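Scroll down for the structure; my scribbles are underneath it.
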Amino acid sequence: MQLGIVGKPNVGKSTFFNAATKAHAEVANYPFTTIEANRGVMYIRKPCPCKDTHVTCTPHNSRCVDGIRFVPIEAIDVAGLVPDAHKGKGLGNKFLDDLRQAHALIHIVDASGSTDAEGNPTDLGSHDPLLDIEFLEKEINYWMYGIIKKSWEVLARKCELENKKIEKMLGEQLTGLGIREEHITGAIRKINLDITKPSHWKDDQLLKFTDYVRSISKPIIIAFNKSDKAPENLMEKRKELTNYIVIPCSAESELALSNAAEKGIISYTPGSSDFTILNKEGISEKQLKALEYIKTHVLQRYGSTGVQKCIDEAVRMLDLIVVYPVQDEHHLTDKEGRVLPDAHLIPRGSTAKDLAYKVHTDLGDHFIRGIDARTHRIIGADHQLKDGDIISIIADI
């Protein structure tokens, strides 16, 4: 699973990425700082089973902080998008290609209105952030539409002449974009297109089809970034976005808190609504003022910096669950004795055998049965897993 961090230049994408991953993408106040896509690992929050199973966990592929498990998910921060990117303007073609395999997008929007359509700095409050949401979706739509349209006539005729399903053929054509056949089927039903005569579909119908496929194959969370600096009239605009999940955000504050925690200045857990200063004597007056600003203008106002919430909401929107594979269902350990070592994100509806393949191909190929470590019941290959399950896999290897 992969989350894409998107937006026009100079809105705080790389700051958001750095704060969420603790990577070090270049950050600067000019367009196209990011040229090559930055890749890293973000973490979602889930209750760790260590609490209700009364064990001390020793995480391997994730981490546990006070009973909260931070589970990894891949992230990509791509070059900024500008109007007419689908025509190749700016770094548009590269931006769009980098997003091919993203399962969901976190759109970083400058809520303060201090960057124009091209990402250049401008006066605070002078640019409407809602325009950025409209143009980004338009660019992705036209990019996808161009890919579909390029071979559409040949594809449509072939379906009709050979009596093949347009859903299947389109699915094969668009699989490289992370689009599945069920996405295509859903869009056809939504728009009520005639699947027996795809050659009769008009351009406006095809564009509507593309828009719907984009919306379900790459759902979008809106991160209203720089919310601490945004004029109230612009912050109020988020209420107009009734079809979106919109989260007030301050990526700069999250990065500052994360860095301060790393240096031992404060105690802070990502997603928290507060922090504790550990050593007032060891920090400067300027640092104290910065921390107080974050506390009053961000944490107390919005409940968090919003960065962690964006990640959690994106995963919830994708309907993913977290499952914990173990070897010993009695002690909840792997073969090296680590307790609840790994946490895996999988789609809701995944089976015990799906988990086996997630852990290792050989476990899936030679799957015999699973054991639910909570109930100690034997489960079969088709048993659907639940969020928070702890599963031991038995295989003939």
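What follows draws every value from the coordinates through simple rules; no lab data is involved. All values reported here derive from a predicted model rather than from experimental measurement. Positions of Cβ are generated from backbone atoms using ideal geometry, with glycine treated the same way; all protein chains shown enter the neighbour counts.
Structure summary
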| read-out | value |
| --- | --- |
| Scaled radius of gyration (Cα, divided by 2.2 N^0.38 Å) that segment 219-318 gives | 1.16 |
| Burial ranking of peptide ranges 141-147, 340-346 (average Cβ count within 10 Å, highest at the top) | 340-346, 141-147 |
| Highest-first arrangement of 375-381, 55-61, where packing means the average Cβ count within 10 Å | 55-61, 375-381 |
| Kirkwood Rh, angstrom, segment 321-395 [1 / mean 1/r, Cα pairs] | 11.8 |
| Viscosity 1.567 mPa s, temperature 4 °C, Stokes-Einstein D of segment 151-216 from Kirkwood C-alpha radius, µm²/s | 110 |
| Estimated [θ] at 222 nm from DSSP helical runs (n ≥ 4, -39500 (n - 2.57)) normalised by residues in the chain, nearest 500 | -10000 deg cm²/dmol |
| Order by protection proxy (mean Cβ within 10 Å, highest first), peptides 187-193, 305-311 | 305-311, 187-193 |
| Size-normalised alpha-carbon gyration radius of the chain, reference 2.2 N^0.38 Å | 1.10 |
| Cα-derived Rg over Rh, computed across segment 254-397 with Rh taken as Kirkwood radius | 1.18 |
